[in-house]
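Remarks on the structure that follows.
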Amino acid sequence: MEIRDLIDLENDTNFQQLNQQVNSFNTLKILKLENHEIRHSNILAWLLNPKENHNLSDYFLRKVMEHLLLMDENSGNIQFQKVGDILNHSLVDSHVYREVKTDKNRYIDLLIVNQQLKTVFIIENKFYSSESVNQLNDYLEFTRRTFGNFTIIPIYLTLNGEEPSNSNYFILTYEKIEVILHTILMLYKDRLNNNVYQFIVDYNQILKEKFYPNQDQIVQAIDIYRNHKQTINVLFEETVSLHKQLQFESGFYFEFMMKYKNTIQYIYKHGQNILSYSFDEFINQQFDKEVLYRSQPTSPHLLPPEWEGISYVHMKDPNYWLGKGLVVWFEQAKDSRLSIIAEMGPIEYTERRSLLEKLEQFGISIKESSKLEKARYTRFFTQKIDINKWDDMAELTQGMLDLYNSSEFKQVRNQVATILNNDEVEVVEPKTSVEKQTAQDIKVKVQRAFRKWMVLMNIPETDYRASTKYLSFIMPLFDSFKERLGETREKWWWYNGPFLFWFNINEDSIYFTLEVGPIEANQRVVLMEQMKEQGIVFSKKGLSPEAKFNRIFSQSVAIKGLGESELLQVFQTLYNHHELQETLNKIQHIYNEFYSNFE
């Protein structure tokens, strides 16, 4: 890379615009709050406490309770009506406690006590980590013993609305927290102290970026990366090694990196977004004729050719997606799986209701609220598939093909086409070679055995992925490290945490490994040194700030001709390998010694 490459990048107007946006001032980002669960709990405790200095009284606490009732997932909770009754009373006399120690030496994230209403709210906050064995049961039993005849409302707060192991818990998501903050900023601007208002703006911005990434910025980053790929790659590697290192150099190159470090990292992270590239390849492989589509970076979309009849239906909003009343899109779901979604948009009411009722006749479930005249958007089909490596274009493309050609979605495509065309649609099966089917069958068999093994291992669905190319999973210890060390500095598999187990599936063998990922450089070096002291063996390069990936255990096993029960035994034998178990014990010791009380 030459100095003219840096000058060329710096004089790119898109680069300068993005630099201003990425580096907008945010106090909480400076404090590196966004990736640490404990910091989020502290802020929530402040917002939930009616007596705190935000001057919101019990508004935030009441809105949290209201959103418990608004989430469909909670409608069957035995305490559902009780929450409604509680909202008939003031909550200003509630007191909020942090890290309440139980009699089993566990700590409840947030405990809210209202003596007047004889009510206790438990909030277990899981920003990245997942629940430990019996954790939710222990919290509920402890609170019941401690507060006797009080009404107890347990809440499980997660990023993606994960289902708690204990059905007594209400489900709450951080997306709902963002909605509440957004409402506060609209309604309470004139009532809040300027510092309080700006603090909430900063926190809301962190959550917005998590759930509603700026599409224009991502497109801009992709364009810049395409135009300056080699320069960005070199600069990113250099900026990573600079982090927290005492290093002084003179000259334009060093000053450039220090000035634009955050922008370079943003471009590198989003510029490699290959969802749209994979979608283009999916279009090429799936269709042999023209199809209406758009390769948007985070939700590429199309109109299936058999749905062209929707073009004759009047639209209320011509700017809706592709300008048609129906659309299908792919996206990375909040649980890092690949989703395909079919939606009906804002078409003229009479035709919209008629189409929805005809879909119901095919057995497709439609909410009654979607049939109202004010309704605009109705998702009538959603399906997900596991993706292990989001930087693997072949895996993403195959995932799109599998979803689009699944028996469930083919049935929906044909049903919609029947409604639009008023005729029967012939299902044409995609042609595949015998050789491909045989290879695919082997991988599907391994995938099924892996899923059964995950059940036997009590690994929840949120903690593993199984595609036809890769298998991967995590354990609670990895979540604990992620909670302390934060996410990786670039996208890594689906988990973006410090450790991951993964398998590579071949026709006659599987390769199993435990790998350390690209967490922040300085913390990674410290962690690798701690592992070296414990006798964990890895490449010497793992101790350098530039290192990203290190396999600390790996094993390959032949699987040709094995049945399901034999594959289950292979998985268990690999996991029980004495060297791996010794390594895991050492990693647990490192966590207990250096990170369990670390903030």
If ARG484 passes every condition in (1) without any contact (Cβ under 8 Å) to a residue 60 or more places away in the chain; (2) in a helix (DSSP H, G or I); (3) among the basic types (Lys, Arg) but one, which one does it miss?
(1)
Of everything in region 25-59 that's open to solvent by 70 Å² or more (accessible area, probe 1.4 Å) and farther than 30 Å from SER90 by Cα, which residue is nearest to the chain's Cα centre (by Cα)?
LYS32
Condition broken by ARG524, with the remaining ones in (1) in contact with a helix residue (DSSP H, G or I) (Cβ under 7 Å, 6 or more places away or on another chain); (2) open to solvent by less than 10 Å² (accessible area, probe 1.4 Å); (3) basic (Lys, Arg) satisfied
(1)
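In this structure, is ASP109 closer than 25 Å to ASN53 by Cα and of a type outside the set (A, V, I, L, M, F, W, C)?
On the way: closer than 25 Å to ASN53 by Cα: yes; of a type outside the set (A, V, I, L, M, F, W, C): yes.
Yes: the conditions hold for ASP109.
Farther than 28 Å from LEU500 by Cβ, of a type in the set (Gly, Ala, Ser) and modelled with pLDDT under 95: is that true of SER167 in this structure? Full working, then the answer.
On the way: farther than 28 Å from LEU500 by Cβ: yes; of a type in the set (Gly, Ala, Ser): yes; modelled with pLDDT under 95: yes.
Here the answer is yes, as SER167 does meet what is asked.
Out of region 183-199, which residues are without any contact (Cβ under 8 Å) to a residue 24 or more places away in the chain and open to solvent by less than 100 Å² (accessible area, probe 1.4 Å)? It would help to see each step written out before you state the result.
Residues of region 183-199 without any contact (Cβ under 8 Å) to a residue 24 or more places away in the chain: 185-187, 189-190, 194-195, 197.
Within region 183-199, LEU185, TYR197 qualify.
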Within region 109-119, does at least one residue satisfy the condition of being closer than 30 Å to PHE499 by Cα and assigned to a strand (DSSP E or B)?
yes
Could you pull out every one of the strands (runs of 3 or more DSSP E) wholly within region 497-579 that has 3 or more residues that are over 29 Å from the mean Cα position of the chain (by Cα)?
550-558
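Filter region 541-589 for residues that are among the β-branched types (Val, Ile, Thr) and buried (at least 18 other Cβ atoms within 10 Å of the Cβ); which is farthest from PHE450 (Cα to Cα)? Before the answer, list the steps.
To start, the set of residues in region 541-589 that are among the β-branched types (Val, Ile, Thr) comprises 552, 557, 559, 570, 573, 583, 587.
Filter again for buried (at least 18 other Cβ atoms within 10 Å of the Cβ), leaving 552, 559, 570, 583, 587.
On the way: ILE552: 22, ILE559: 13, VAL570: 10, THR583: 22, ILE587: 24 Å.
If we take residues in region 541-589 being among the β-branched types (Val, Ile, Thr) and buried (at least 18 other Cβ atoms within 10 Å of the Cβ), then ILE587 is farthest from PHE450 (Cα to Cα).
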Taking the residues in region 464-487 that are within 16 Å of GLY517 (Cβ to Cβ) and open to solvent by 20 Å² or more (accessible area, probe 1.4 Å) as candidates, determine which candidate is modelled with the highest pLDDT.
MET475
What are the pairs with Cβ atoms under 8 angstrom where one residue, in region 134-159, is within 23 Å of MET71 (Cα to Cα) and the other, located anywhere, is aliphatic (A, V, I, L, M) and assigned to a loop (DSSP other than H, G, I, E, B)? Sequence gap at least six, or different chains.
THR151/LEU117
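Just the residues that are touching a strand residue (DSSP E or B) at 6+ places or on another chain (Cβ under 8 Å), within 27 Å of SER132 (Cβ to Cβ) and open to solvent by 10 Å² or more (accessible area, probe 1.4 Å), please, taken from region 496-513. I'd like the intermediate steps shown before the answer.
Just the residues of region 496-513 that are touching a strand residue (DSSP E or B) at 6+ places or on another chain (Cβ under 8 Å), to begin with: 498-505, 508-513.
From what is left, the residues that are within 27 Å of SER132 (Cβ to Cβ) are 498-503, 512-513.
Scanning region 496-513 gives a single hit, TRP502.
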Can you tell me which condition LEU69 does not meet? The list is (1) open to solvent by less than 60 Å² (accessible area, probe 1.4 Å); (2) in a helix (DSSP H, G or I); (3) in contact (Cβ under 8 Å) with a residue 24 or more places away in the chain; (4) of a type outside the set (Asp, Glu), and all the others hold.
(3)
Please indicate, with yes or no, whether at least one residue in region 4-22 is on the phi < 0 side of the Ramachandran plot, open to solvent by 60 Å² or more (accessible area, probe 1.4 Å) and under 27 Å from the mean Cα position of the chain (by Cα).
yes
Checking ARG551 against (1) touching a helix residue (DSSP H, G or I) at 6+ places or on another chain (Cβ under 6 Å); (2) at pLDDT 90 or above; (3) over 19 Å from PHE594 (Cβ atoms), only one condition comes out false. Which one?
(1)
Just checking, how many residues over region 359-397 are touching a residue at least 12 places away in the same chain (Cβ under 8 Å), among the charged types (D, E, K, R), open to solvent by less than 70 Å² (accessible area, probe 1.4 Å) and within 25 Å of LYS410 (Cα to Cα)?
3
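The values are calculated or read from the model by the stated rules, or taken from the named source; none is laboratory data. Just so we're clear, the structure is a prediction, and the values are computed from it rather than from any experiment. We place every Cβ from the backbone using ideal geometry, glycine too, and count neighbours over all the protein chains shown. Calculation scope for accessible area: heavy atoms of the full protein, side chains included, ligands and nucleic acids excluded. Shrake-Rupley method; radii C 1.70, N 1.55, O 1.52, S 1.80 Å.
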